[in-house]
Every structure is written in structure tokens, then in C-alpha cells.
Amino acid sequence: MLSSQIKSNEIVFGSCNKDLLEEIIFYGIGLGADFVEIFIENTDNSSVLAEEDFITSVSPSFRRGAGIRIFKGKKDGFVSTNDLTKHGLMRSVSQAIEMLDITDNQKELFNGLNKHRDYSLSKKKWINEVPSIHEISEKLLVSTKSLKKNNKIITRKGSYSRNLQEVIIASSDGTYVSDIRLHQTVGLNVIASDAQYRSSGSRRFGSSGMPNEFRLWDHEKAANDVFESSMNMLYADYVDAGQMPVVLANKFGGVIFHEACGHLLETTQIERGTTPFENKLNEKIAHESVTAIDEGISEGSFGSLSVDDEGMEPEKSVLIKDGILKKFISDRAGELRTGHKRTGSGRRQNYSFAAASRMRNTYIAKGKHSKEDLINSISEGLYCKSMGGGSVGATGQFNFAVEEGYLIKNGKLTSPVKGATLIGEAKEVMPKISMCGNDLELAPGFCGSISGSVNVTVGQPHIKVDSITVGGR
Amino acid sequence: MNSREITTQISKAADFLNLKKWDYGASFTNDYSVQVDKGEAKQLKASQKQILTIRVWNQSNLVGITTTSDISESGIKKALKQANIASDFGNKNESTEFSPLAKDPIKVKEVKKRNPVGIKKLLTVLREAEVKLLESHESIKSVPYNGLSESFFERVYANSEGAFRSYSKSQAALYLYARAEEKNKKPRSSGSVKLGYGADDIDIESCIKEASNKTISHLNYSSIKTDKYLICFSPESFLTIINAFSSMFNARSIIDGVSLSNKNSIGEKLSTEALNIYDDGLHEKNISSTPFDGEGTPTKRLCLINRGRIENFIHSESTARIFKTTPTGHAGLGSKVSVSPDWIVVEKSDQNFNLKTSLDHSTYEGEFVYIEELNAIHAGVRASQGSFSLPFDGWLYKNGKKISIESATVAGDIKYLLKNIVNIESSQEVTTSGISPHIWVEELSITGDA
């Protein structure tokens, strides 16, 4: 629909809102803002939970709102609201202007919005293509049934979540973009018990922009994987603490790079002065075997985007090349405040957060070794087959729980061990990644940070860390 | 629309859709917050948010739910329709009803109404706090994480049988997290959080002082030898661990098979007889208190551990019915109603004769590890297995000296920890998550670099 055909006093999804958006941006610029950005969102979510052999929760939800960001110099004011009327949006602009105490008359130019870039055209049918609640429920119940492989499994859960997000982004540099994003995720969890022994197993799968993906998900393979993991760990002893070499498995093993190093390469960390890598561009920060990438373009990956939350198409950013730091992950505020060019990484959980520099699909590139090469090179150490969650502290220390671990003795995998935690600092550990396998795989996850929880992919091939502190008992 | 009008609107729309039984929970929030960076405003935020969660019961008495931010007439109708569709998938294995206590009187703390002080004042206050913190010690180079916020909200619960509860309150929070750097040493960080009913109620000076003292106290650090140690948990860290394993008292977790307890665990001895633990959402020091839960059940004080034994579980309506007891005011409205504690209070019981009272964190001269703050709870706690392995900030006390521990984790089992409590100090401290004294535990594993 042409903009001249509609003159609405409220944002209407699926229609052209150019006149209204321009009016609001003109209003902000007229009041003295250097830059005005409007992010408008309409989401349709559904989640389903199966426990044992019953569907125990079906939760649809709808959310509509706008986030308005005003820059004056390097300061920014952000206002979010559920009120998508012209009056509500203008009131939010006024509030942001007032917060920033803008009183000068120096006006920036706003030449109107550019031609609409509509990434949603081919995606409008997705809402009708995603599986129905009935279909989801049936498959989840089959999945939880598949987990019932012996009487040691005492708890079985399957969960599904679908997020369909329609966004409109407009800003005073002319950006005018619409998009529809679809994320689906499914997870299986078990708890196994035998006398005083207990273990758990879990796996999560996820995709973006692929309405059919849940139908294609191999629930039997997933159930076998979760079951085997819980059985392997049921009678495991606690690991002895100490310094040792470790091999981290591919897929979700990449969470350690994401948390320990990836966050330190976001420009928000430069802004805060909390990254040790701030002045290390083009310097060696990792072992020469390490090349690390952050991108938003792998088709179907959980962290992929057609366009970021600031209206920029995502790029493939080589962060570290052969151990040398090459790039930081940057958003609009990051470029303004640190000088690092935007990388299409401005992301937010929803309209109530201002976008920030965030990772997308982040992984260590594959090397030349086989998994066996890595394990054979260790006389005594730990193989971390499955990683749990982790965190990184304000001064760069990280810790990660090992969900499924095995001792390595004389180049062979031996007994399973539980209770292991990997502890270290990125600056010290990155140079110790001495071998990378040839089996790169990615895994989906959720990353919580300054702009909320966003979908990401972590990944790596099997990697060997020459020495790391393993917490245990 | 105000909350009464929303109730009327839902009632009309439900009649139109022939839905006889429904309830809803809603919240309406206005937030204002500021962050600064070396005297400059960094980000200033304001938000207006409304969330409405509607449950409906269909003719088979199965429940469906929908959450929406659209409280217009059409938004409410859409939500009711969607909830009705979802009710076809309602849990046939476990029914949900209104709380039998949803019309009981509630106790509302008398708190003077605070008005927003406004972004400009928040900014001025935070700027001054940042300057004072930076000036408090030459090694404090920045305050990378800081914020001052104020929030004004209303919570509502109503149902088709005439229950209606509404509650408004305000809350403000200040956090200052400083970073200290010295030549040839690793940067060290620590901070403080303070809450108040309004921005004017926050004890800013004590937040600055606490953030400064804590950060400076970690400047001289050393690695610790991996071994078993006598541990003194700060009130904050002990509350963190109790909250992390609160599934032991949670009827929902017990039914779901993810708790260390079972239906018959009432009366089970969990710890030394000297320990009492309560959940007390209405405690006068709890700034975040709410007088009713997501199902409209009044909040109340509940004894969880009495003289070392499990005394009560926390419940929603449905778990209480299964356990043949009454709801305790701990429900969160959802398709599957969640259950969670409000505010934990740890006390020394009257059966405290066997405690080693010489263990006092301010006077004890023997070797011990003081755990100030536990980190990365989501990663290091296996609540269903009872185990934990957590990084912490703290000190090693040895030979009359106190030295910050560079980087270490404490690992163990919650049941072992509770059974090996050797002292509960007399003096309680108020934290943001509850009240507790210092707690001493024998023989927990610490992993360090040395």
C-alpha cells in the first residue's frame, strides 16, 4: 500500500506507516535531537510443555510496543511504551527529549525516510506454516515417551517455544525497514535416579526462519542422546579439582568462547572499560590455531537475522584471525562512542530494551585435527562432552559447569565424572587453545546481557586447552 | 482503562463468549532509570508497561491462558478467545481452581506513597554517587556498572466469583559496581545494591561506602590452595544458597520430581537443630513485599525449617489441594502455576546448645574462608541433584591476616552443608533477598589456582 493511501493516527502492522513515522521523527529532530530511532514490535508467541505423558502447559502470548531512542551527542535517552498511537509515540519522544535536557536550537537535518526495505514480504505466510498447538503437542508427547527407556528415568520433559516477531524500524538517518522473525526451539530433559545416585540430561535445538523445522526434528535421536547422557553420568564420581589439560566437545562447547571471549569483544565492554582487549586490535590475543567468527547470515541458525534491530543487514565478522584480534562487535551506540564500525549486531530482546552490540552466530573455525588427535595428545586430563551454563564476571573471570565429563588417561577416554567446573580468564586461556578439530558444529542458545535475552548460536570444533583450572571436590 | 474497568471489560467479553469462569492478573508499571559514565549521562530510560494474563475454564473445567500487552477492548477479546482455544489443551491430569483464600482479607503494609523524583534528580544523585565512589580510593578507576531507578506499579487479581484485589507501590534501587586497578595486578571489582520505597529513601552514602570498602578489600589478593576449609557464609551468600535450593520446600517441584524432598518429607531432619528458616514476604524489612500472590492468596509468614526439620512446603492452589492443605501465597499465574519463595528469614532456634559460638567472623583467629558473595548460580547449582560448584568472592583468614581470594570455587552438597553447620551467629543482617546471620560450615571443598 502506498503511503499516501493511508493516514492513520496509530501504527498498523502490515501497512505502510511512513507518514506517521516521519512525522514523529521530524518532531524529535525539531526538538533538538541529533538522532531519532523508532523500533516497533508485534509478537505472537506460543509455548507448550509436556511432562511425562501429559501436556501440562500451553501458553500463548501477544505483545505490542515501541522503543524510542534519542541521541544527543554521545548521550541517549530511551523510552518504551505499549501505546502505539501518534499521541503515545510523540509523548515518548517528548519524554526522551526532556530526559536528555535538550534545549539548544541546533537542528540536525532529516530528509525523510528512505525507500521501504521490506524483508517480511516472503515471510507473511509463516504464521500459517508453523505447526499448530495440536501438532506440537502430539510430537512433544511422542518425544517424552521416547525418553522412557528404563525405570531409572524418573522425570521426563519436553518443551517447545515459538516466537513470531514483526518489527518496523525507522530512524532519522532514513532507515525504514520491516521484517518478520521466526524462532522455534525445542528441548528435552530427564532426571535419572537409582538409590542415592541422581543425574540429569538435557539438550536444546533451535532454528530461525524455518517454519517446517520442528516437523523435521529427529526426536528419537534427541531422546537417545539425552537418555544416554543421563545414564552415563548416573553413577559418576565427583571430579578431583586441579589444573589440567581439557578437550572441549564441539557444538555447545562453544559456549565457553561465547562467554569468556565473545562478550569482551562487544563494544559495550569497551564503553565500560571492562575488556582487556580494548587496545589489542591487530595484536595476538589467542593461539595461532584460533580463528573466531561472529555472523548473522547462516541460513536457519538460531542467531541469524535478515536485518538487525537498528535496521542494518548483518555482516560476517572475523573477530580473530590466526590468533590476531581483527574486529569488535559493534552497534550504533558502539560506533558513536568507540569508533568501531557497526557490524549489524544491534540487538534487543524486545521493544522495552535499547539495542546493544550483541553476538549472533559465534564460533571458532574448524582446524585440521581429528577429535582423536586431541584426546590422544593428553596423558591426564578431562574431556568435556557436554557443557552446562556459565558466566563471566566484571573483571573477565569465567566459570562453566561441565554437564557430562570423562577423565582422559594415557590418550583414552575413561570413567565419567560429575561436578566439574572450568574456571579461568579469557586473556589467559585463549593462548592455550593449542589444537582445533575439523568437526565444527553449531548449537542454539539464549544469551542474557544488557539488552535482554537474545537468540544466539555458539559453536566450535573439538578444541584442546593445554591447561585450565577444573573445580571439583 | 483502570483495573476496575478492565475487570468489567473482561466480564462483558467473557459473557459474550459464553465463558462462565475466568480470572486474571495484571500489572501496570512505570519505570525510570539512569546510568552514568565518568560524570556524563550514559543512558536514560523510561518505560510504561502493561501486562494482562487471563485464564478461562471451559465446559470440561480445563484451563487455558493467554498473556497480552493489549488492554484495549479488542485486545481483551482476542486474549479471551485465545485462552479459550488453549483450554482445549488444558492439563487433564491436574486440575486448577480459584484459590479458596482469594477473598480473604489481606495485610497491606502501610507505606507512605512516594512520587517520582524524575530523571533529572536521579541523574544528579547518581553522578554525585559516582564521583564520591571514584574519589574514595585512588585505585578505583571506574564504576562500570551503575544505575539508579525508580518504579511505580499496580498489581491486580480478580476472578469471575467476585474476588478483586489491587495493590500499588513504588520501589527504587541503586547499584554501584566499582573496578579497581593497580600496577602489575589484576583488576578487582565489587559493589553494592540498596533498595528503598522511593529514590529519596535509599541510603546512598552507605551504598558508596560499601562498594568502596568491598572493592578495596580485594586489592591484595592471592590464590588459594585447593583443599577442604572451614567456611563462614556471609548472610547474603547463605541466602543465595538457600534460595538456589528452595525446591526442597517447593510443593510444585516435589510433584514434578525435581526436588530433593518428597511428599513425606515433612518432619525430615535437614540440619542442625539450631536452624530455623521462614519465608516471610510481609516482613517489615522486605521492600519488595506484595500482599497477595498470582492467584490472589494472601501472603503470609511460613515456617519452612523448625529446629532443623522440614515444617512446611510452599504451595499454590493446586499443589495445596494435592497435599490436602491450604495455599500459602506463593503462586505465580501461568498456564502451569509456578511456586516460589518470597523472602527468606534465617534464624537461630532455641535449640542452639551445640553450636561452636567461638566461631564469630569478627573475632575468630583460626583459619577459615569467608564467602562474601556467590556467583553464577544458574550455572553451578544442580537443584535436583543437591550439588553445587560456585565461584565466589571472599577472603582467606589465616594467622590473623585476611587476604582476598583471587579466583576460586566452593563445591558441595546442600544436605551435607546444612548438616555440617557448626555455628549460627546471633546477629542477623538484612539483605535484598532476606535476613540471615553469618553461618559457619565445616569441611567444604574449595578449588583455587594454587
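Can you find, within the range B:19-39, the residue that is nearest to B:T96 (Cα to Cα) among those that are surrounded by fewer than 20 Cβ atoms within 10 Å (Cβ to Cβ) and out of contact with any helix residue (DSSP H, G or I) (no Cβ under 9 Å at 6 or more places or on another chain)?
B:S27
Listed residues A:G254, A:G300; which is within 30 Å of A:L413 (Cβ to Cβ) and under 22 Å from the mean Cα position of the chain (by Cα)?
Exactly one residue qualifies, and that residue is A:G254.
Quick check: is even one residue across the range B:46-58 part of a helix (DSSP H, G or I) and within 20 Å of A:R64 (Cβ to Cβ)? Steps first, answer last, please.
Taking the range B:46-58 and keeping what is part of a helix (DSSP H, G or I), we get none.
Taking every residue of the range B:46-58 in turn, none turns out to be part of a helix (DSSP H, G or I) and within 20 Å of A:R64 (Cβ to Cβ).
Any idea which residue in the range A:377-412 is nearest to A:G201 (Cα to Cα), counting only those that are within 14 Å of chain B (Cβ to nearest Cβ) and among the polar types (S, T, N, Q)?
Applying the filter and picking the extreme gives A:S386.
Looking at (1) in a strand (DSSP E or B); (2) in contact (Cβ under 8 Å) with a residue 40 or more places away in the chain; (3) more than 23 Å from A:G339 (Cα to Cα); (4) hydrophobic (A, V, I, L, M, F, W, C), find the lone condition where A:I97 falls short.
(1)
Conditions: (1) facing chain B (nearest Cβ under 9 Å); (2) more than 23 Å from A:V167 (Cα to Cα); (3) in contact (Cβ under 8 Å) with a residue 60 or more places away in the chain. A:A50 meets all but one. Number of the miss?
(1)
Quick check: is even one residue across the range A:292-315 among the acidic types (D, E), in contact with a helix residue (DSSP H, G or I) (Cβ under 7 Å, 6 or more places away or on another chain) and at pLDDT below 95?
No.
Inside the range A:413-435, can you point out the residues that are facing chain B (nearest Cβ under 9 Å) and either without any contact (Cβ under 8 Å) to a residue 12 or more places away in the chain or part of a strand (DSSP E or B) (or both)?
A:K418, A:T421, A:I423, A:G424, A:E425
If I go through the range B:80-108 residue by residue, how many of them are at the interface with chain A (Cβ under 7 Å from one of its Cβ atoms) and buried (at least 20 other Cβ atoms within 10 Å of the Cβ)?
3
I'd like the full set of residues that are touching a Phe, Trp or Tyr at 6+ places or on another chain (Cβ under 6 Å) and either farther than 23 Å from B:H218 by Cβ or part of a loop (DSSP other than H, G, I, E, B) (or both), limited to the range B:380-393.
Step one: of the range B:380-393, the residues touching a Phe, Trp or Tyr at 6+ places or on another chain (Cβ under 6 Å) are B:380-381, B:383.
If the condition is that a residue be touching a Phe, Trp or Tyr at 6+ places or on another chain (Cβ under 6 Å) and either farther than 23 Å from B:H218 by Cβ or part of a loop (DSSP other than H, G, I, E, B) (or both), then B:V381, B:A383 are the ones that fit.
Of the conditions (1) within 23 Å of A:V12 (Cβ to Cβ); (2) touching a residue at least 24 places away in the same chain (Cβ under 8 Å); (3) aliphatic (A, V, I, L, M); (4) facing chain B (nearest Cβ under 9 Å), A:V58 clears all except one; give me its number.
All conditions are met except number (1).
Does B:V111 count as more than 10 Å from chain A (Cβ to nearest Cβ), among the β-branched types (V, I, T) and part of a loop (DSSP other than H, G, I, E, B)?
yes
Being in contact (Cβ under 8 Å) with a residue 12 or more places away in the chain, within 22 Å of the chain's Cα centre (by Cα), within 14 Å of chain A (Cβ to nearest Cβ) and in a helix (DSSP H, G or I) is the filter here, so list the residues in the range B:242-274 that pass it.
B:A244, B:S247, B:M248, B:R252, B:S253, B:I254
Please state which of the following conditions A:I463 fails to meet, knowing it meets all the rest: (1) surrounded by 24 or more Cβ atoms within 10 Å (Cβ to Cβ); (2) within 14 Å of chain B (Cβ to nearest Cβ); (3) at pLDDT 95 or above.
(2)
For the range B:123-144, how many residues meet the condition of being β-branched (V, I, T) and within 21 Å of B:K185 (Cβ to Cβ)?
Here is the first cut: in the range B:123-144, the residues β-branched (V, I, T) are B:124-125, B:131, B:140, B:143.
From the residues that got through so far, the ones that are within 21 Å of B:K185 (Cβ to Cβ) too are B:140, B:143.
Of the residues in that region, 2 qualify.
Would you please name the residue that is nearest to the other protein chains (Cβ to nearest Cβ), looking only at residues in the range B:40-67 that are surrounded by fewer than 18 Cβ atoms within 10 Å (Cβ to Cβ) and over 16 Å from B:T29 (Cα atoms)? Steps first, please.
As a first pass, look at the range B:40-67 and keep what is surrounded by fewer than 18 Cβ atoms within 10 Å (Cβ to Cβ): B:40, B:51, B:59-62.
Narrowing the set further to residues that are over 16 Å from B:T29 (Cα atoms) leaves B:40, B:59-62.
On the way: B:E40: 7, B:Q59: 17, B:S60: 14, B:N61: 16, B:L62: 10 Å.
The selected residue is B:E40.
Hey, any hits in the range A:313-334 for a residue that's more than 13 Å from chain B (Cβ to nearest Cβ), within 26 Å of A:M244 (Cα to Cα), in a loop (DSSP other than H, G, I, E, B) and among the hydrophobic types (A, V, I, L, M, F, W, C)?
For the range A:313-334, residues more than 13 Å from chain B (Cβ to nearest Cβ), within 26 Å of A:M244 (Cα to Cα), in a loop (DSSP other than H, G, I, E, B) and among the hydrophobic types (A, V, I, L, M, F, W, C): absent.
Looking for whichever is touching a helix residue (DSSP H, G or I) at 6+ places or on another chain (Cβ under 8 Å) and either within 26 Å of B:K42 (Cα to Cα) or part of a strand (DSSP E or B) (or both) here; the options are B:L195, B:L148. Which one fits?
Being touching a helix residue (DSSP H, G or I) at 6+ places or on another chain (Cβ under 8 Å) and either within 26 Å of B:K42 (Cα to Cα) or part of a strand (DSSP E or B) (or both) holds for just one of B:L195, B:L148, which is B:L148.
So which residues in the range B:225-241 are assigned to a helix (DSSP H, G or I) and surrounded by 21 or more Cβ atoms within 10 Å (Cβ to Cβ), if there are any at all? Before you say what the answer is, go through the steps one by one.
If we filter the range B:225-241 for residues that are assigned to a helix (DSSP H, G or I), which is where we start, we get B:235-241.
B:P235, B:S237, B:F238, B:L239, B:T240, B:I241 - these are the residues of the range B:225-241 that are assigned to a helix (DSSP H, G or I) and surrounded by 21 or more Cβ atoms within 10 Å (Cβ to Cβ).
Quick one: count up the residues across the range B:427-436 that are buried (at least 23 other Cβ atoms within 10 Å of the Cβ) and more than 20 Å from B:T363 (Cα to Cα).
Let us first name the residues in the range B:427-436 that are buried (at least 23 other Cβ atoms within 10 Å of the Cβ), namely B:434, B:436.
Narrowing the set further to residues that are more than 20 Å from B:T363 (Cα to Cα) leaves B:434.
Qualifying residue count, the range B:427-436: 1.
Before we move on, is B:D70 within 14 Å of chain A (Cβ to nearest Cβ), touching a strand residue (DSSP E or B) at 6+ places or on another chain (Cβ under 9 Å) and part of a loop (DSSP other than H, G, I, E, B)?
Yes: the conditions hold for B:D70.
Looking at the range B:198-234 only, could you name the residues that are farther than 16 Å from B:I371 by Cβ, within 14 Å of another protein chain (Cβ to nearest Cβ) and either touching a helix residue (DSSP H, G or I) at 6+ places or on another chain (Cβ under 8 Å) or acidic (D, E) (or both)?
B:A211
Restrict the check to the range B:329-338 and report whether at least one residue is out of contact with any helix residue (DSSP H, G or I) (no Cβ under 9 Å at 6 or more places or on another chain), within 14 Å of another protein chain (Cβ to nearest Cβ), surrounded by fewer than 21 Cβ atoms within 10 Å (Cβ to Cβ) and not in a loop (DSSP other than H, G, I, E, B).
yes
Got a sec? Which of B:I424, B:I439, B:I405, B:I371 is surrounded by 20 or more Cβ atoms within 10 Å (Cβ to Cβ), more than 12 Å from chain A (Cβ to nearest Cβ) and in contact with a Gly (Cβ under 8 Å, 6 or more places away or on another chain)? If you could, list the steps in order and put the result at the bottom.
Working: B:I424 fails: in contact with a Gly (Cβ under 8 Å, 6 or more places away or on another chain); B:I439 fails: in contact with a Gly (Cβ under 8 Å, 6 or more places away or on another chain); B:I405 fails: more than 12 Å from chain A (Cβ to nearest Cβ).
Checking each option against the conditions leaves just B:I371.
I'm trying to understand the selection: among the residues of the range A:419-464, which are over 14 Å from A:K368 (Cβ atoms) and polar (S, T, N, Q)?
Of everything in the range A:419-464, those that are over 14 Å from A:K368 (Cβ atoms) and polar (S, T, N, Q) turn out to be A:T421, A:S449, A:S451, A:S453, A:N455, A:T457, A:Q460.
Assess whether A:L113 counts as being buried (at least 17 other Cβ atoms within 10 Å of the Cβ), within 33 Å of the chain's Cα centre (by Cα) and assigned to a loop (DSSP other than H, G, I, E, B).
Yes.
Each row is one residue, and each column tells you yes or no for (1) part of a loop (DSSP other than H, G, I, E, B); (2) modelled with pLDDT of 95 or more; (3) under 30 Å from A:S352 (Cβ atoms).
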residue	(1), (2), (3)
A:D173	yes, yes, yes
A:G201	no, no, no
A:S207	no, yes, yes
A:N224	no, yes, no
A:M231	no, yes, no
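The values are calculated or read from the model by the stated rules, or taken from the named source; none is laboratory data. Just so it is clear, the model here is predicted, and its values are computed rather than measured. Because the Cβ atoms are built from the backbone with ideal geometry, glycine has one as well, and the counts that use them run over all protein chains shown.
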